[in-house]
Amino acid sequence: MIALLTGPALWLSVAVLVLGGVWRALAVRRAVRRDASATSYLQAHGSARSVGRWLVPFATLNMRQRPFFTIVSFAFHLGLLAAPLFLLAHVILMRRALGVQLPAWPDAVATVLVWAVVVGGVVLAVRRATDATVRYVSTARDWLSLIIAVAPFVTGLVARHQLLPVEIAVGLHAVCGCVWLASLPWTRLMHLFNFPFTRALMGSEYAHRNARDW
């Protein structure tokens, strides 16, 4: 089963990710062609300024007003992207599958990144359930995206500490990882890739008004 999940199933999830990403990009391109006004005011300075500000912790007023959430959010997103790519077991898997040798995090760093995602996921879930404004705009899709995002890290810890029989724990982790990859173009997780474009639009719009979006 493990061979199936780390072989054909993994490649299928990657194919869904790539094809879904291409489909989403083409959909955006078609939308822009239908209504070019959405991007007609884009400008390099306003876009770069906005993206840069929102990539730096505490560089915006919104972040400074919510320091705890800012720390949790940045740690969560950093772990979400950096932990899977440079985790030793994943590095070995990519080397065997693709012949690509990436550097691996030291065990202590990888552990911190994984726990940052798990703890951050809990904090985000509590906020979504208790903050009246966030709860009002939350949908089942938002909850599903959060569960999909955190599940590979929880099951990874289960496998790492052998809380279940090894084959079951690794199998669950592989399934969650495949779902995570395949779901990226179709869930809220897509904002990981949409971020530069949405911030560029916002930054350009505010720049035309001689205002700041941070």
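The values are calculated or read from the model by the stated rules, or taken from the named source; none is laboratory data. Keep in mind that this is a model prediction, so the values were computed, not measured. Note: ideal-geometry Cβ built from the backbone for every residue, glycine included; neighbour counts use all protein chains shown.
Yes/no matrix, rows are residues, columns are (1) touching a Pro at 6+ places or on another chain (Cβ under 8 Å); (2) not in a helix (DSSP H, G or I):
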{"residue": "Pro84", "(1), (2)": "yes, no"}
{"residue": "Arg95", "(1), (2)": "no, no"}
{"residue": "Val100", "(1), (2)": "no, yes"}
{"residue": "Pro103", "(1), (2)": "no, yes"}
{"residue": "Ala108", "(1), (2)": "no, no"}
{"residue": "Leu113", "(1), (2)": "no, no"}
{"residue": "Val122", "(1), (2)": "no, no"}
{"residue": "Val126", "(1), (2)": "no, no"}
{"residue": "Val134", "(1), (2)": "no, no"}
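Can you report the number of residues in region 30-79 which are among the hydroxyl-bearing types (Ser, Thr, Tyr) and free of Cβ contacts under 8 Å to residues at least 40 places away in the same chain?
Residues meeting the conditions: 3.
Taking the criterion of being over 28 Å from Arg66 (Cβ atoms) and either buried (at least 19 other Cβ atoms within 10 Å of the Cβ) or among the aromatic types (Phe, Trp, Tyr) (or both), would at least one residue in region 132-155 satisfy it?
yes
With respect to the numbered conditions (1) closer than 25 Å to Ala140 by Cα; (2) in contact with a Leu (Cβ under 8 Å, 6 or more places away or on another chain); (3) surrounded by fewer than 16 Cβ atoms within 10 Å (Cβ to Cβ); (4) of a type outside the set (Phe, Trp, Tyr), which one is the sole condition not fulfilled by His77?
(3)
Does Val72 count as farther than 22 Å from Asn210 by Cα and either modelled with pLDDT of 85 or more or in contact with a His (Cβ under 9 Å, 6 or more places away or on another chain) (or both)?
yes
Among the numbered criteria (1) surrounded by 19 or more Cβ atoms within 10 Å (Cβ to Cβ); (2) within 22 Å of the chain's Cα centre (by Cα); (3) in a helix (DSSP H, G or I); (4) touching a residue at least 40 places away in the same chain (Cβ under 8 Å), which one does Ala207 miss?
With (1) surrounded by 19 or more Cβ atoms within 10 Å (Cβ to Cβ); (2) within 22 Å of the chain's Cα centre (by Cα); (3) in a helix (DSSP H, G or I); (4) touching a residue at least 40 places away in the same chain (Cβ under 8 Å) applied to Ala207, the lone miss is (2).
Mind listing whichever residues of region 134-143 are in contact (Cβ under 8 Å) with a residue 12 or more places away in the chain and closer than 17 Å to Phe76 by Cβ?
Asp142, Trp143
Among (1) surrounded by 13 or more Cβ atoms within 10 Å (Cβ to Cβ); (2) within 17 Å of the chain's Cα centre (by Cα); (3) of a type outside the set (A, V, I, L, M), which single condition is Arg160 missing?
Exception for Arg160: condition (2).
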